[in-house]
Structures are given as structure tokens and as C-alpha cells.
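The values are calculated or read from the model by the stated rules, or taken from the named source; none is laboratory data. Computed from a predicted model, the values in this text were never measured in an experiment. Heads up, the Cβs are rebuilt from the backbone with ideal geometry, glycines too, and the neighbour counts pull from every protein chain shown. For accessibility, only protein heavy atoms count, side chains too; no ligands or nucleic acids. Shrake-Rupley method; radii C 1.70, N 1.55, O 1.52, S 1.80 Å.
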Amino acid sequence: MTGKRLTPKERMAIPRVQMPELDAGQRRVNFQEVNLGLSERQAIMEAMRCLQCQSKPCVEGCPVGIHIPLFIEAIAEADFLRAARVLQRDNALPAVCGRVCPQEVQCESSCVLGKKGEPVAIGHLERFAADWALLNDSKSVRLQAPPPSGKSVAIIGCGPAGITAAAELAVKGHAVTIFEALHDTGGVLRYGIPEFRLPKRIIDREVSRLAGLGVRIECNVVVGKTVTLRRLREEFDAVFIANGAGLPIMLGIPGENLKGVYSANEYLTRVNLMGAGQDADCATPIIRGHSVVVIGGGNTAMDCVRVARRLGAGRAMLVYRRSEAEMPARVEEVQHAKEEGIEMILLTAPVEVLGDESGWTRGLRCQKMMLGEPDASGRRRPVPVAGEIHDLDADVVINALGTRANPLLTATEPELKLNRWKNIEIDGDGATSLDGVFAGGDIVRGGATVILAMGDGKRAASAMHAYLTDASSSTGRPMASAVQ
Amino acid sequence: MHEVLSNEMLAPNLHRMVIRAPRVAAARKPGQFVIVRSENGAERIPLTIGDADSIEGTITLFVQAVGASTKKIAGTNSGGRLRDVAGPLGMPTHIENWGRVACVGGGVGTAVLYPMAKALAEAGNEVTTIIGGRSESLIILADELSVFSAETRITTEDGSLGRKGFVTAELESLLKDPMRAPQSVFAVGPVPMMKAIAELTRPYGITTIVSLNPIMIDGTGMCGGCRVLVGGETRFACVDGPEFDGHLVDFNNLSDRLTTYREHECRVVQQNKDDREAA
């Protein structure tokens, strides 16, 4: 059976594949990946569901514009190498995107099949082809570095935006150096997303491909502190700023400085980046709560509460001030969390973290909410229900309210134009107010998703390539040399 | 990887290490720190940059070996390497010429005080240095500080060197002397010491700068673990500090938060000891 012989009717008759998952009972005590990936047979069958329609709305729905029908067609024909090549040409991190992208609101939401039934499982197929490429890593799969262009680029931040821009620029022959503030690569992919959603080996392998393209990565360089943006502008022909979201928004309620209160960034960094609670030889500590409350309703909140569960919390609770329908988290994450026994305490807002006489967290005082009139975002605004106050027992409280712009770099360059939230202002091409300086990802958007950051990286890389190859824009610029 | 060029023990468990870190050496200003990670699996440890030589491309760090990760750093001998050194981080010390300043150091805090005091002296201040410790063996950098201090006073709790008692007593006598009273005080040491000094200077209305050492991870403002209450507001020591107005710092909250992982740290140190003994 090959994909080409099927009629549209036959294709539509194939049921959408179910992603095999680790049993919920097992996974809530370990950090193994929850989604197990499709078998070759499952992938081919799912790929056959694609109608190969002419309009290709899925491509429009992808922030990095992957030629989706092309790679799916290759899978349907069991030509996984071709599928992998299509993906790598369009996407620097396909094995990451196949795991963490919200496909249900992007490519899959515009799939023609979804109008009457269920859309093609594009995300699962992307993951399948990308994982196949990682397992069968060879010269035939890898993109090759072209002859040098003679131009150099500095990229600030080795997260999804920076990695994408680096790959796009490197395949154009530009000499790319990524400066990363932390001691390891990946940015939010590594410190933010837990092992059970995105294994570190996937990040390692995807990032290692950059080296094959001649990209240099220097860790422990905090631009704005270790080197200035001004210096990078002098030494490189163009700069891309993708240094991420930054400072956690604090709760602003009494008791938030008690022992046992974490920001999501701190909690996740301890566990994901440092290995606390996971690796036996890890020196970084973490408080393993018995009763953990996470405040928020986004993917980060889901990650925190599911980590807490795996670290041994008998009760792992999520406190969210609206109802489940308004939760920004992916449906899959909410579903997985519920299967793992996470309690969703909805229409509830935190009022005060309660402490004991030794300064340790002992609970969270909460206010019952109800949904009122829609606010500016169109979502119904939560309003307090008078007199409905109750306490939850908790020895760890994690705040997953989001982040605001980190001024570490931007404060050192007054000429870099910022918006009123102190995020960097860019034009439609990702260019900032400084000549030759581009920006993307969360430092521009505030808190957003991996794939939107990657889209920024891709768009900026295209504009940077144009800038670098436009003879008039590079006159008067010193010859490139790496910072020593 | 960063080569360790020298490692000497100044006092029990206190090491002075010179490390190759050219970029940090070139960018560093007094009061700033680095985050050091000795090897994979080790904690990220914030350490004040004691001194730097931008021509040689080296920085000097003072490392108090108290926990598992600081012991690994301090245990890296000359010729060895530290995996990660990131910085310089934090805001530099605000340096101006106040006229007369007092620089007060307690224990290993004296090492943090050293670059501040040196910069203050270079800016033309008349620096009176007061350093203290439990006993003589824990008094560090007295000779180095004397080079640029108008006067160096020493206190020990057991009276083995200098005046018996605490640094606060020396500072108090200084404050009461109209001819010697400082226009500004810089204090670095254990939290109770800094708190006591802030309380001592408060009635005199003398600007008192303290350098705080909360638990920290990334050092770039990302995690908020190092938050401290200053004037009732939450500030991040890694990006807003580490130096703050001592009269506004909530020292009780700081010392409380510092105990968060005490139990964990004791367990790890004990485990390592057991492992060594078993080996």
C-alpha cells in the first residue's frame, strides 16, 4: 500500500493516530518522556491521511513556514530521509517543535481535514521524521556549510530564536558566534521545559548540528556585562538579540519571601538546568514539597506542577483565577496533568502565603472568584466573590505568573529603542533602532512560545542576510573578527 | 574551562585563588561578582571578584569552603581548571569621594570588602578599616588592606589579636570621635554583623552600604531566588545589588532565607565525608 494510490475518501476513512504514552501511574514518579513517539507503521498510516491539498493552509499556519505536505508525502512513501531533509531545510529544531509546538492552534487548526473530522497529526509526524533523522544522523541528513561569505554575525542567547537564526545564517555562509549567558545551551528549552516533555538529549543533538554548520557557541558570556553590545557591533557585521524573557513577575502578596516560595523560573531552573531532584550526583538542592501549590494557568504552570508531582508531592495543585476554558496551557498538557493526579483549583486567586514561626511556607490563603464581564483581552474578567476566603495547606508555593523584560542588556545601550514594557522595538523584519542590530523572541514579545521565537529568528535571519549582502549597508564597517 | 593559576589558604577553609578569565578581568569593576561552577553537576556559586589584572587576564577570588560545591572549587589546585566562570555580574560599588569612610569587614566578608576599600582609597577617601573575626587565624587581608588604609583596626572575639570583642565596638568609638567620624560606612560580613552596624549608624544618619549574599542561581535576574526586601520592596541582589542601603535592608528576612537549604547542605557534606571515610 502506498499513499499515492488512495482516494481522498479512503484517506479520510483512516482514523487519526493516537500518540502512545507512558502510563500515568508510572510517569508521575519519574522524568521519562510522556509521549513515546509513533512507530514507522503508525507514521506512514497517519501521513496517508494528508489530502495533499493544493491550498496548503497548514503551511500558512506554521510560524516558520515548514513545507508540511512535502515532508508528510515523503513519510507516506516511507522515504524518511527525504522527510527529514525537508524539515531541516525549514526548521532548525524539528525534534523540539514536534514535541512542544501548540500545533492545535497553528498548522493543525487550519488543516482541511479538521473541517469535518480530525486534522492530520502534523506535530506527531514532525517529531517522527525529526527523531528518525537524529537516530540516523549521517552526512546524508546533515545540512552542509557553504563557502564562507566573509561576513560575521553575533547572536545573543542560545535559545530557540538564537538557534534558529544561527542555523539560517550559517547555511548562507556567514560566520556565526552565539553568546549564551548560562553554562549550557538551549535557553528556555533546557532550563524551562522539563525532561518528560523535552528530553535534554534531543536539545543536545539538535544543538550539535549547529557545530556542523560551523557555528561557534560561547557559554558564560553575559552580554551587557561580560561584553557590551557596542563591542559586538564593532566586531561583527550584524547582531541578533534573543536573550529571552527575563525577570519573573512576583506575586506582590504578603508572605512571598517565605522559605518554600519559588518563582517558576527558579523552580524549573533548579530541576531542569541544574538537575536538582533528578540526578543523584547533582549538588543543587530543591525543596520537595509534600503539598505543592502552583499559581497560574499556562504551560509553565503545568510544567511546575507536574515536576512537583514527580518530585514526590502527595498533593500537587494548580490555582488559577479563571476557569479551565480560559487556561492558556495546551489542552494536551492539561490532560496529561489531570491523568497524573494534579488537582485543578479553578476560579481561585492567591491572597497571602501563610508561614510558620520558622519562616517556612505552610499554606496559601485564597479568594474564590467568579467570571464577570469580558476584559480588554475578550476573556471574562475574574472578580472576587465577597467573603469566600479559604486556606490550602502547602509547604511549597510556586508562582508561574510569567516574566517581564530583563534590563540587563537593554539598559546598557540607551539608543536601543524599547516599548513601554521595556521590550525591544522592532520593525516587520526584526530590525531594531540600531543599524545592523536585530532582535526576536521573548525580549521582543514578552512571554511567548518556542515556535514564535523561532519564527522571529527565521524572519530576522532573512533580513540580516539581506542586510549583510547589501553592499551599501556594510561600507565603513571594520572587518569582522571574533571577540577575543 | 578556566585555569587556576594559584590557590593559597589564607585561613582555615578560606582560599585565595587566581583564575584565568580574560573577559571578566577586562570588564570587571569593584563590587561585582562571578558565578563559578567547578564541574558538571556542581552548583552555581556566586563569588565576589576580589581583584583583577586585565593585562594578565586574571581575576582573584576568595572562596570559603563550606558546602559541597565551594569545597570542590577551593579544592582545585594550581594548574587545575574550573568549568564555568560567568561575569562580571551585579552592579559595581558606587564610588565617590566622601572624605572619610569606614570599611568594616567580618570574617570572609573582609575579602568582599577588599576591592571596595581599595577603590574608595583610590578615589581619594581617607579609609579607616576595621576587620574582625572569631580569632587571629580568621583575620585575613590585614596587610593588604593596610597598604591603602589610613588606619587598620582589628578585633577578635577571643582577644587573640587586636581588641577583644566585635567590630561594632571599634566603629562606635570611631563614630563618637568628631575628628574621625566617617561620612560613609561600608560593611560586609555575616548578616548579624551587618545588621548591627546598620543599627549603630542609623542614629548618626551616616550612609551605610552593605553587600548581601543571598542564595543565587543564574545571577542574571532570571530566577528571583536572591530576592531581598529593601525599603519594603522586593529587589534582586544579583542585578539590583549586591550592595544596598543597610538602613533599608530587611536583615531578618535575609538571614531566614539563607537557612532554606541548611538541612540539605549538612546532609550532602556528611554524605561526602562518609564516602571519603568509606573509600
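When residues of segment A:253-270 are filtered for being β-branched (Val, Ile, Thr), facing chain B (nearest Cβ under 7 Å) and either more than 17 Å from the chain's Cα centre (by Cα) or open to solvent by 10 Å² or more (accessible area, probe 1.4 Å) (or both), how many remain?
First, the residues of segment A:253-270 that are β-branched (Val, Ile, Thr): A:253, A:261, A:269.
Those still in the list that are facing chain B (nearest Cβ under 7 Å) too: A:269.
Applying the additional criterion that residues be either more than 17 Å from the chain's Cα centre (by Cα) or open to solvent by 10 Å² or more (accessible area, probe 1.4 Å) (or both) yields none.
Of the residues in segment A:253-270, 0 are β-branched (Val, Ile, Thr), facing chain B (nearest Cβ under 7 Å) and either more than 17 Å from the chain's Cα centre (by Cα) or open to solvent by 10 Å² or more (accessible area, probe 1.4 Å) (or both).
Quick one: residue A:382 ticks every box in (1) open to solvent by 20 Å² or more (accessible area, probe 1.4 Å); (2) touching a strand residue (DSSP E or B) at 6+ places or on another chain (Cβ under 6 Å); (3) at pLDDT below 95; (4) over 29 Å from residue B:219 (Cβ atoms) except a single one, so which number is it?
The failed condition is (1).
From the list B:187, B:181, which one is more than 10 Å from chain A (Cβ to nearest Cβ) and either on the phi > 0 side of the Ramachandran plot or within 18 Å of the chain's Cα centre (by Cα) (or both)?
B:187
Starting from residues that are crowded, with 18+ Cβ neighbours inside 10 Å and under 31 Å from the mean Cα position of the chain (by Cα), keep the ones in segment A:364-378 and report whichever is farthest from residue A:295 (Cα to Cα).
A:369
Within segment A:391-435, track down each residue that is in a strand (DSSP E or B) and under 30 Å from residue B:27 (Cβ atoms).
A:403, A:404, A:405, A:418, A:424, A:431, listed by residue number.
Answer with yes or no whether residue A:172 is away from chain B (no Cβ under 12 Å), in a loop (DSSP other than H, G, I, E, B) and more than 30 Å from residue A:306 (Cα to Cα).
Working: away from chain B (no Cβ under 12 Å): yes; in a loop (DSSP other than H, G, I, E, B): yes; more than 30 Å from residue A:306 (Cα to Cα): yes.
When the stated conditions are applied, residue A:172 passes them.
In this structure, does residue B:276 turn out to be open to solvent by 50 Å² or more (accessible area, probe 1.4 Å) and at pLDDT below 95?
Numbers: open to solvent by 50 Å² or more (accessible area, probe 1.4 Å): yes; at pLDDT below 95: yes.
Judged against the criteria, residue B:276 is a match.
Tally the residues that are within 14 Å of another protein chain (Cβ to nearest Cβ) and in a helix (DSSP H, G or I), restricting the search to segment A:233-252.
Pass one, segment A:233-252, residues within 14 Å of another protein chain (Cβ to nearest Cβ): A:235, A:243-252.
Filter once more, keeping what is in a helix (DSSP H, G or I): A:235.
Residues meeting the conditions: 1.
If I ask for residues that are over 18 Å from the mean Cα position of the chain (by Cα), under 22 Å from residue A:190 (Cβ atoms) and more than 11 Å from chain B (Cβ to nearest Cβ), which ones from segment A:279-305 would you list?
If the condition is that a residue be over 18 Å from the mean Cα position of the chain (by Cα), under 22 Å from residue A:190 (Cβ atoms) and more than 11 Å from chain B (Cβ to nearest Cβ), then A:294 is the only one that fits.
Pairs under 7 Å by beta carbon, first residue in contact (Cβ under 8 Å) with a residue 24 or more places away in the chain in segment A:308-325, partner aromatic (Phe, Trp, Tyr), six or more apart or different chains?
Between residues of segment A:308-325 that are in contact (Cβ under 8 Å) with a residue 24 or more places away in the chain and residues that are aromatic (Phe, Trp, Tyr), the close pairs are A:310/A:31.
Here is a list: A:162, A:123, A:114. Which entry is surrounded by fewer than 24 Cβ atoms within 10 Å (Cβ to Cβ), assigned to a helix (DSSP H, G or I), modelled with pLDDT of 95 or more and of a type outside the set (A, V, I, L, M, F, W, C)?
Matching residue, one of A:162, A:123, A:114: A:123.
Any residue in segment A:91-111 that is over 20 Å from the mean Cα position of the chain (by Cα) and either within 20 Å of residue A:12 (Cβ to Cβ) or of a type in the set (Val, Ile, Thr) (or both)?
Initially, segment A:91-111 is screened for residues over 20 Å from the mean Cα position of the chain (by Cα), giving A:110-111.
Narrowing further to those that are either within 20 Å of residue A:12 (Cβ to Cβ) or of a type in the set (Val, Ile, Thr) (or both): A:110-111.
Yes, segment A:91-111 contains at least one residue that is over 20 Å from the mean Cα position of the chain (by Cα) and either within 20 Å of residue A:12 (Cβ to Cβ) or of a type in the set (Val, Ile, Thr) (or both).
Residue A:113: in contact (Cβ under 8 Å) with a residue 24 or more places away in the chain and over 30 Å from residue A:334 (Cβ atoms), yes or no? Quick ask: steps written out before the conclusion?
Details: in contact (Cβ under 8 Å) with a residue 24 or more places away in the chain: yes; over 30 Å from residue A:334 (Cβ atoms): no.
Judged against the criteria, residue A:113 is not a match.
Whether any residue in segment B:210-225 is under 26 Å from residue A:403 (Cβ atoms), within 14 Å of another protein chain (Cβ to nearest Cβ), surrounded by 24 or more Cβ atoms within 10 Å (Cβ to Cβ) and of a type in the set (Val, Ile, Thr) is what I want to check.
Checking segment B:210-225: at least one residue is under 26 Å from residue A:403 (Cβ atoms), within 14 Å of another protein chain (Cβ to nearest Cβ), surrounded by 24 or more Cβ atoms within 10 Å (Cβ to Cβ) and of a type in the set (Val, Ile, Thr).
From the set of residues in segment A:181-213 that are open to solvent by 40 Å² or more (accessible area, probe 1.4 Å) and touching a Gly at 6+ places or on another chain (Cβ under 9 Å), which is farthest from the other protein chains (Cβ to nearest Cβ)?
Only one residue fits best here, namely A:204.
For segment B:11-21, enumerate the residues that are out of contact with any helix residue (DSSP H, G or I) (no Cβ under 7 Å at 6 or more places or on another chain) and either open to solvent by less than 50 Å² (accessible area, probe 1.4 Å) or under 14 Å from residue A:219 (Cα atoms) (or both).
B:14, B:16, B:17, B:18, B:19, B:21, listed by residue number.
For residues that are part of a helix (DSSP H, G or I) and touching a residue at least 60 places away in the same chain (Cβ under 8 Å), scanning just segment A:334-346, find the one that is nearest to residue A:299 (Cα to Cα).
Taking the candidates together, the pick is A:336.
Output the number of residues of segment B:28-58 satisfying the condition of being facing chain A (nearest Cβ under 9 Å) and open to solvent by 30 Å² or more (accessible area, probe 1.4 Å).
2
Mind telling me which of the residues B:1, B:9, B:17 ends up being free of Cβ contacts under 8 Å to residues at least 24 places away in the same chain and not acidic (Asp, Glu)?
Of the residues listed, the single one that is free of Cβ contacts under 8 Å to residues at least 24 places away in the same chain and not acidic (Asp, Glu) is B:9.
Residues are listed down the side, and each one gets a yes or a no for (1) open to solvent by less than 50 Å² (accessible area, probe 1.4 Å); (2) free of Cβ contacts under 8 Å to residues at least 40 places away in the same chain:
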position	(1), (2)
B:139	yes, no
B:154	yes, yes
B:190	no, no
B:194	yes, no
B:202	no, no
B:206	yes, yes
B:228	yes, yes
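Of all residues in segment B:75-102, which are within 14 Å of chain A (Cβ to nearest Cβ) and either open to solvent by less than 10 Å² (accessible area, probe 1.4 Å) or in a helix (DSSP H, G or I) (or both)?
Selection gives B:82, B:84, B:85, B:86, B:87, B:88, B:89, B:90.
If a residue must be closer than 21 Å to residue A:111 by Cα and either in a loop (DSSP other than H, G, I, E, B) or not assigned by TED's automatic domain parsing to the domain that holds residue A:69 (or both), how many such residues does segment A:6-32 contain?
Result for segment A:6-32: 8.
Considering only segment A:23-70, how many residues are within 22 Å of the chain's Cα centre (by Cα) and without any contact (Cβ under 8 Å) to a residue 40 or more places away in the chain?
Qualifying residue count for the region: 2.
Could you look through segment A:33-50, keep only residues that are outside any loop (DSSP other than H, G, I, E, B) and over 16 Å from residue A:12 (Cα atoms), and pick out the one that is most open to solvent (accessible area, probe 1.4 Å)? Walk me through it before giving the result.
Of all residues in segment A:33-50, those outside any loop (DSSP other than H, G, I, E, B) come to A:35, A:40-48.
Within this subset, residues satisfying the condition of being over 16 Å from residue A:12 (Cα atoms) are A:35, A:40-41.
On the way: A:35: 23, A:40: 99, A:41: 185 Å².
Result: A:41.
Which numbered condition in (1) more than 30 Å from residue A:309 (Cβ to Cβ); (2) open to solvent by 50 Å² or more (accessible area, probe 1.4 Å) is the only one that residue A:53 fails?
(2)
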